[in-house]
1. Using the alpha-carbon atoms, what tilt in degrees (0 to 90, nearest 10) does helix 92-104 show relative to the longest principal axis of the chain?
2. Top to bottom by accessible area (1.4 Å), largest first, where do C157, C53 land?
3. In terms of modelled amide H atoms, which long-range or inter-chain residues lie less than 5 Å from the amide H of V159?
4. Taking the Cβ of D368 as the centre, find all other residues whose Cβ is under 12 Å away and add up their charges (Lys, Arg: +1; Asp, Glu: -1).
5. Quick one: Debye curve from the C-alpha atoms of the range 222-295, no solvent, what's log10 I(q)/I(0) at q = 0.26 Å⁻¹?
6. Would you please name the trypsin sites (Lys or Arg not before Pro) within the range 62-149 that are DSSP coil residues with at most 15 other C-beta atoms within 10 Å of their C-beta?
7. A263 to S88: FRET efficiency via 1/(1 + (r/R0)^6), r the Cβ-Cβ distance, R0 25 Å, to the nearest 0.05?
8. Relative to the longest principal axis of the C-alpha atoms of the chain, give the angle of the C-alpha long axis of helix 198-207, reported between 0 and 90° and rounded to the nearest 10°.
Amino acid sequence: MFDFRGFFEGANAKLRRKHHYRVFRELRRSPGRFPRAEWHAPDGSWRDVTVWCSNDYLGMSQHPAVLDTARAALARYGAGAGGTRNISGTTDLLVALERELADWHAKDAALLFSSGYVANDTTLATLARALPGGVVFSDAANHASMIQGIRASRQRCVVFRHNDAAHLDGLLAAHDPAAPKLVAFESLYSMDGDIAPLADLLTVAKRHGALTFVDETHAVGVHGPRGGGLLEAHGLLDTVDVVQGGLGKGVGVVGGFITGAAAIIDFVRSHAPGFIFTTALPPHVAAAALASVRHLKTSGLERAALQARVASVRSALAAAGVPIAPAPGQIIPLVIGDAAACRALADELLEVHGIYLQAIVFPTVPRDGARLRITPGPLHTDADQAQLVAALASAFARRQAA
Ligand code: PLP
């Protein structure tokens, strides 16, 4: 008989040998203290650490308006939605949130999902599968959730070189002009921190009559005059058919969404398994996201403070000789390469300095592309920054000397 246990134990041991085995850092975050958190150290103690790798880019998870609204909704509605969207789960808060999100992107309608992952996976699978003889054109660096959705559609997929509008143009031109085409890419890539040439890609896609899908997971809340994302920042919202966003990062809560023309949103609402066959988001989650999005539409304070801190950390690290990768957004990648070396550096930062920077290894990044991903936020102080820069500078000085 097949030895299932031995098989999986062997596979896990292989991961450990390659330093790709994942060990989660156990944390306690407390409202009002972020980016400080408590870390459950291997000796069983809880130690104060400073988090430098969170996607809670603006600290909205602990914003007083978000917390008050969530608490009030919990008291008013209870803990869960009680059903799928179709079977008793559609609270007025979800409807209000979808309206708010559609307005964020100046689109007819929006649709909520349990996560950004599900939004990508089920939307791309549903839209692509529906197109007769459809072909999907996917950026080479697209997120796993997009790749998964495209694969699940079982349509032909053509991969274009990362951020290469000319390559996309050539590939689109090589296909039957009559075939329905879908072009999918991200606006802000979270592991390299780079931003897509949005206008170029969209111009090319439109020239070939393709439907466009842009993942703004890491950009909503963070970019644009109303926090709508990079498409808003570049005045391109009206040139995109489907915009995908996340509620778990800049918005500080959890969930994902798409916005677009009523006919497209209605189609996904009626056909996407990842939307239909799952319990709706809880009312207090919807209330928290609603408060956060409403706040971010009118307040530029958090975005301005974030940008100032990112610029300051970037220039201080560069001046101290820390080899950060150039990236225009709020994410500062520090590529180490070797997974074991990256883990050792992350361990040292945490255990010696109380600095939490997660080592990011395969499959989130390529096998030889292990890295630390620094995400400065509006709540980091000058003292936090000085401590980070000193710790990284001394670690890199030692690496160079070795
Ligand atoms: N899209 C991109 C580009 C991402 O990086 C991620 C996750 O980090 C997701 C989608 C999934 O978002 P969520 O964490 O809301 O599931």
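The values are calculated or read from the model by the stated rules, or taken from the named source; none is laboratory data. Just so it is clear, the structure is predicted and the values come from calculations on it, not from any experiment. Positions of Cβ are backbone-derived with ideal geometry, glycine not excepted, and every protein chain shown enters the neighbour counts. Accessible surface is based on the protein model in full, side chains and every heavy atom, while ligands, DNA and RNA are left aside. Shrake-Rupley method; radii C 1.70, N 1.55, O 1.52, S 1.80 Å.
1. Once rounded, the angle reads 90 degrees.
2. On the way: C157 60, C53 25 Å².
Ranked list, largest accessible area first: C157, C53.
3. S138
4. So the environment of D368 carries a net charge of +2.
5. Cα-only, vacuum Debye calculation for the range 222-295: -1.25.
6. Working: sites: R71, R76, R85, R99, K107, R129; in loops: K107.
Sparse-neighbourhood loop trypsin sites (Lys or Arg not before Pro): none present.
7. 0.40
8. Around 20 degrees separate the two axes.
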